[in-house]
Amino acid sequence: MPLTPVAELQKQMRERIARCRRLPESETVAVARAVGRVLAQDVLAPACLPHADLSAMDGYALPEAAAAGSVWKVAGESAAGHPFTGSLNEGECIRIMTGAVVPPCCRTVLVQEHTEYADGCITLTHGVAGRANIRYRGEEIAAGSRVLNKGRIVREADVLLLAALGLGEVAVYRKIKVAVLSTGDELCEVGTPAPSEGCIYDSNRPMLMARLAQFPIEIVDLKQVPDNLEDVLHVLDDAAQNHDAVITSGGVSVGDYDYMREAVIRLGAIHHYQVAMKPGKPFVFGQMLQAWYFGLPGNPISGFVGFDVFLKNALWQLCGAEELPEPLRFTATLACDVRKSGGRTEFQRALIRMDEAGNWLAEPCGAQDSHRIYGISRANAYLILPADSPSLPAGSRVTVQPFDGAFL
């Protein structure tokens, strides 16, 4: 079976999900709790921003442009939250504070540093042009304009925008329900006594649930499933009927005891199997009844990398997102030689750092075998080597992708 290139599989998954997904229902949440949720409708500005003509400086509001040396009588004051409500006679101005409403009778604001005050009057030490130092009503956002699109993942900065417009609530998609399970008779649960000979702790399932916590997802832990087809079929059938997506760890290779792939075929369809990637070649993408299926390999690093490369954007799509986040990638210089085998895109665990000259350096973080867990904890980035890349000497330019949370 030919291996599918990474970019091609990402494209296939994105297109199939976009074509076949069922969007979640919507609900309303407080704006302050909307970060990380997906907008279920466009957000239209209920008011202008700024809401009125406001002063950009502490100074004096004048009815017209004025020349240096002119004298004006101070007839009142406008402070933030306490606008001036009177009227001005010829030759009068008002004291005004930053953020205060500029009254309709005034056309410009002079900064206080350009005045001299004495006996209730100011003398201008510098001239002021018309329309100076005023933030005009609606100059940033007009009432009724669209400020955020349906399908946007709400960011912290969006909360600032929404609150500034006076919005206390926003419509978002409800959390989707995702089941997580692992398979393998060799697995034992974390938190139990040390495993006997031939057994290992199930590290993949806790890792997957921890990584799912960043999404608007209700996580359902289905624990471990024994290595036999009937048990796997029973658990997957129930999961497919009651969840929006199912993520499994292990059982997707071609061994005699890898039943997960066979069970998925019986319950639905596999859209893809095997990708030209290292680590993580055996990756299964399919559907069972109404649930999407993502089958990650049992090797822990393969599952970790597969989550980053394929599951992140697929899950955001299922949550209703239209503006999918792109991973941050940039070029760095290799600080040492790097070995690369042919035919597959490699995601090597790496350490990146900036030297004194401000240049990014990168080097692999230990051995790259897919069972080596310590390296992924020590690493802070992926070193991404294209499928056709040879082994590279120190000094070569390479693409790196920092880990989430590894840098401020």
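Proximity of backbone amide H atoms, modeled 1.01 Å from N, is registered between THR4 and VAL275, ALA276 at under 5 Å, excluding neighbours fewer than 5 places apart on the same chain. For the range 40-54, putting each phi into the Karplus relation 6.51 cos²θ - 1.76 cosθ + 1.60 with θ = phi - 60° gives couplings of 8, 7, 4, 9, 9, 5, x, 8, 6, 9, x, 7, 8, 6, 10 Hz, in residue order, rounded to whole numbers and with x for Gly and Pro. Here the scattering of the range 32-92 is modelled by Debye summation over its C-alpha atoms, one equal scatterer each and no solvent; at q = 0.13, 0.15, 0.22, 0.29 Å⁻¹ the log10 of I(q)/I(0) is -0.58, -0.67, -1.08, -1.37.
Restricting the trypsin sites (Lys or Arg not before Pro) of the range 334-380 to loop positions (DSSP other than H, G, I, E, B) with no more than 15 neighbouring Cβ atoms within 10 Å leaves ARG339. Peptides 303-314, 106-117, ordered by how many other C-beta atoms sit within 10 Å of their residues on average, highest first, read 303-314, 106-117.
Extension gain, ALA163 to GLU140: 0.36 nm times the residue separation minus the Cα-Cα distance gives 6.8 nm. Derived scalar couplings between HN and Hα for the range 140-152 equal 8, 9, 8, 4, x, 7, 7, 10, 9, 8, 3, x, 7 Hz in order, rounded to whole Hz, by the Karplus curve 6.51 cos²θ - 1.76 cosθ + 1.60 (θ = phi - 60°), x for Gly and Pro. Is the range 285-377 best put as rounded, prolate or oblate by its Cα gyration tensor, with a ≥ b ≥ c the root eigenvalues, rounded for a/c under 1.5, and otherwise prolate when a/b is larger than b/c, oblate when not? Oblate is the answer for the range 285-377, as a/c is 1.5 or above yet b/c matches or exceeds a/b. Placing a label point 7 Å from the Cα of ASP185 along the Cα-to-Cβ direction, the residues of the range 209-238 whose backbone N falls under 17 Å of that point are 224-233. Accessible surface for the range 61-144, divided over its residues, is 55 Å² per residue with a 1.4 Å probe.
The modelled label-to-label distance between ALA171 and LEU229, using points 7 Å beyond Cα along the C-beta direction, is 4.8 nm. In terms of its C-alpha gyration tensor, the range 330-402 comes out oblate, because a/c is 1.5 or above while a/b does not outweigh b/c. Calculated from the structure, log10 I(q)/I(0) by the Debye sum over Cα atoms at q = 0.09 Å⁻¹ equals which of (i) -1.07; (ii) -0.71; (iii) -0.58? Comparing each candidate, only (ii) matches the computed number.
Computed on the range 54-135, the Cα convex hull volume stands at 73 Å³ per residue. Please give the length that would be gained between ALA80 and LYS11 if that part of the chain were fully extended, namely 0.36 nm times their separation in residues minus their C-alpha to C-alpha distance (nm, one decimal). Answer, rounded to one decimal: 19.6 nm.
For the range 261-303, the percent of C-alpha pairs falling in each 5 Å distance bin, counted from 0 to the bin holding the largest distance, reads 6, 25, 30, 20, 14, 5, 0.
Provide the net charge surrounding GLN10, with neighbours chosen by a C-beta distance below 12 Å and charges set as Lys +1, Arg +1, Asp -1, Glu -1. Net charge around GLN10: 0. The modelled label-to-label distance between ALA394 and SER196, using points 7 Å beyond Cα along the C-beta direction, is 5.0 nm.
Comparing Cα centroids, the range 291-348 and the range 178-249 end up 20 angstrom apart. Peptide packing: for 384-393, 178-187, the average count of neighbouring Cβ atoms within 10 Å per residue gives the ranking 178-187, 384-393, highest mean first.
How much of the DSSP beta bridge set in the chain is antiparallel, as a percent to the nearest 5?
Restricted to the chain, the bridges split so that about 65 percent are antiparallel.
From the Cα gyration tensor of the range 183-260, with a ≥ b ≥ c the square roots of its eigenvalues, which class applies: rounded if a/c is under 1.5, or else prolate if a/b is larger than b/c, or else oblate? Oblate, since a/c reaches 1.5 and b/c is not below a/b. Quick one: of the DSSP bridges fully inside the range 230-336, what percent are antiparallel, nearest 5? Antiparallel bridges: around 65 percent, rounded to the nearest 5. In whole percent, and with a 1.4 Å probe on the protein chains, what portion of the accessible area of the chain is carbon and sulfur? That share works out to 50 percent.
The angle between the Cα long axis of helix 6-20 and the main principal axis of the chain comes to about 70°, on a 0 to 90 degree scale.
Accessible surface computed residue by residue for the range 330-402, with neighbouring protein chains in place and a 1.4 Å probe, gives 51 Å² per residue. Within the range 124-164, name every residue whose backbone N is under 14 Å away from a label modeled 7 Å from Cα of HIS114 along the Cβ vector. Under cut-off, by backbone N: 124-134.
The values are calculated or read from the model by the stated rules, or taken from the named source; none is laboratory data. In this text, all values refer to a predicted model and were calculated from it rather than measured experimentally. Ideal geometry is used to build each Cβ from the backbone, glycine not excepted, and the neighbour counts take in all protein chains shown. The accessibility values were calculated without ligands, DNA or RNA, using every heavy atom of the protein model including side chains. Shrake-Rupley method; radii C 1.70, N 1.55, O 1.52, S 1.80 Å.
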